[in-house]
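Laboratory data are not the source of any read-out in this text; all were calculated from the coordinates shown. Just so you know, these numbers come straight off a predicted model, no measurement behind them. Positions of Cβ are backbone-derived with ideal geometry, glycine not excepted, and every protein chain shown enters the neighbour counts.
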Amino acid sequence: MKSSFVKIACATALLGSAAFAQVSTSETNSTTTSSAGGTVSQSTTTTTEGSGTITSFEPGTSIVLKESSGPRTYRYGKTVTYVTKSGKAISDDEVKTRIRVGIPVHVSYAQEGDSYVVNRVVVDE
């Protein structure tokens, strides 16, 4: 009986850690049309989300997260939005004190070649 309980506990722990490491992806399609009604351009943007604990942070340059698969470096895009878990925007002054090594975050990013470009950081605290 005790052995079964230990096996179930271990399986639950493994499933829980796998769930934390999941990455979700969404795609947005956009089409631009001219005033004459013809299609001018069409593009697809893929946004992926990841999560981990900050191990390194250089404002405006990069953020490194410790993820279950190991450390991953994300570089900053042209604009990065910082928000709380509840969706409240974090001001530039607050970013200086709230974004630091050791806190858990979720990031939304796009992959550009070999780089991961962040456009949104969600603070879990």
Next item on the list: Give the long-range amide H neighbours of residue 103: residues separated by 5 or more places, or on another chain, with amide H under 5 Å away, using H modelled in the peptide plane at 1.01 Å from N.
Entry: 54
Notebook entry, point to check: Counting Lys +1, Arg +1, Asp -1, Glu -1, what net charge surrounds residue 115 among other residues with beta carbon under 13 Å of its beta carbon?
Noted result: 0
Next item on the list: Could you size up the charge dipole of region 46-87 around its Cα centre, putting +1 on the beta carbon of Lys and Arg and -1 on that of Asp and Glu, and report it in debye to the nearest 20?
Entry: 40 debye
Next item on the list: Please work out how much length the chain gains when fully extended from residue 62 to residue 88, using 0.36 nm per residue of separation minus the C-alpha to C-alpha distance, in nm with one decimal.
Entry: 7.1 nm
Next item on the list: Hey, for a label at residue 46 modelled as a point 7 Å past Cα toward Cβ, could you say which residues of region 101-121 have their backbone N under 14 Å away?
Entry: 109-117
Next item on the list: Quote the Stokes-Einstein diffusion coefficient, in whole µm² s⁻¹, for region 59-99, based on the Kirkwood radius over alpha carbon pairs, a temperature of 10 °C and a viscosity of 1.306 mPa s.
Entry: 136 µm²/s
